[in-house]
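Just so it is clear, none of the values below were taken in a lab; they were calculated from the coordinates. As the structure is a prediction and not an experimental result, all values here were calculated from the model. Here Cβ is always computed from backbone atoms with ideal geometry, including for glycine, and neighbour counts include all displayed protein chains.
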Amino acid sequence: MTSRHLTTDGLADRIDALGRFVRAMEGHLAGDALADARTLVEQGIARLRLSGEHTVVALAGSTGGGKSSLFNAVARMQLSPSGHLRPTTADAHACVWSPEGADPLLDWLGVDPSRRFARESVLDAEDEAPLRGLVLLDLPDMDSVATSHRLEVDRLVGIVDLLVWVLDPQKYADRTVHEEYLRHMGALRDVTVVVLNQVDRLSVGDTARCLADLARLVEADGLPGVPLIATSALTGDGVGELRTHLEKTVSGRQASLVRLEGELDVAVAAFAPLVGPDVEEDAVTRDVVRDLAGELAAASGVSGVAREEGQAYARRAAVPAWPLRRRTPRGRAEVPPAQAAAVGLAVRNLAGRAAAGLPPPWPEEVWAAASADLPALPGELGKALSAARPRRRRHWGWGFVRLLWWLCVGAALGGAGWLAWYGVRRARGQPAAEPPDVGGVWVPLLLLAGGVLVAVLLSLLARPLAAARARRARTRSERRLTDAATSVARERVITPVRAVLRDYADARAALTGAAAPADLALNGDQLTLRPAVPLWIDDERRAG
């Protein structure tokens, strides 16, 4: 068992972190990939809330291995019926040393009250004191023909604090024990004991050879160094050694914590490939958003629409402007079908940039989030851009300039007509009054010259001013349309992508918190964890 002292608070923090990891990964892993971790969190929380003064030890093994006999020998009382020809233990039996406060724990274990036995009495004096706090379980046979027996074994093997595998000389190499149980219990190596029972049937030499072979098999199962004890429930050989091991385990009050730590280590290591480099809180930067919005705007023809708005403004501000000029039609701001592929490519590029360096399944999750609304994205862009187009308003300033220009033209024409009338009358010898003058200059001449001069000046000055204002209108229109495209990009693409990246960051932080400090390794911003150890029971057997 580990020499490092574990604390309930420390393991509770790690279990809580694993629970946060499971919640962050919900929806990102297919099937029941999180089922084991979710079960571990639930069982771990439950075990930590129950009595820490009691250590649950289970005797597990095959039919005829002598579990019940050894159970009685350790308890020094006949508590569990034993037999050799058929399974005699249908339900788990429990022997409790110092039973005060153990009932909630036994309820959680599912031990029927009729199968619970209190071991100590006044007749024992202090003989059983070293085992105070022990809850010893005699389990049904793991190879029983009764399915309910095997399911009960699997359930209890999954939650007890320490496991004692009771094997016999005839079936210690049985495939059921090794392939379905021991080979999948690397996480529980520090809370596992292997007993070769019924050695009274062997000679000393045969016992040594069987122990050596069993040690080889157990090491091949991935459990090197586990205690290996030879016992005989009939003669009592080795029972004292087993009790001594249990006394040390009980006195340390660490077995339940050691088991939880081992299973946490396995769970964290199993999920370690799902996390990698750190992701900043705002992994999709403003530059990335701007680039995506620009690509969407380009695919939507925003530049063409903005240019059209500028041209329309220039026409409205033209001097001269004929009253019956043709009205400029307004095209729709939408994504042409030919450009829909460009929209998809822009979204894919963003997803690739956002998920760069992340391990599976995160790149696929980011792409799924980014492309969830992709079929409707062109239509959404078209609606947003149409709504964002500025209204064409009458510009009264330019109307006044045009009115002034027409007045100047009218004055020039009036002056010219006046002068023409006067000249014709004089040429025909008809009486005609001389036009009035201002400072010696005829008024018709002033009207003609002044009207022409002011009209020309208005045309020359208005043209560059109108062009500048048209450029401003084009820029303003392009900015409004681009902002509309950015809004659609944020709502339909950026926000879902950021949600996935936030889940990744939460999962990474939670898994880091769930890992033991000794298991963590940081290389730059890359997080690595200790390689995974097989879980105690395989998925195929669990499903069965």
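What to note about this one:
- Among the trypsin sites (Lys or Arg not before Pro) in segment 169-242, those located in a DSSP loop and surrounded by at most 16 other Cβ atoms within 10 Å of their own Cβ are LYS171.
- Counted over segment 53-252, the DSSP beta bridges are approximately 15% antiparallel.
- Computed over segment 53-252, Kirkwood Rh from alpha-carbon pairs, angstrom: 16.8 Å
- Taking amide H as placed 1.01 Å from N in the peptide plane, the amide H of ILE229 sits under 5 Å from that of VAL194, VAL195, LEU196, each at least 5 places away or on another chain.
- Under the Karplus curve 6.51 cos²θ - 1.76 cosθ + 1.60, θ = phi - 60°, whole-Hz ³J(HN,Hα) for segment 32-40, x wherever Gly or Pro sits: 9, 4, 9, 4, 4, 5, 5, 5, 4
- Cross-link partners of LYS248 among lysines, defined as those whose alpha carbon lies under 22 angstrom from its own and excluding same-chain residues fewer than eight positions apart: LYS67.
- Rounded to the nearest 0.05, the FRET efficiency derived from the C-beta distance between SER148 and SER203 at R0 = 35 Å is 0.35.
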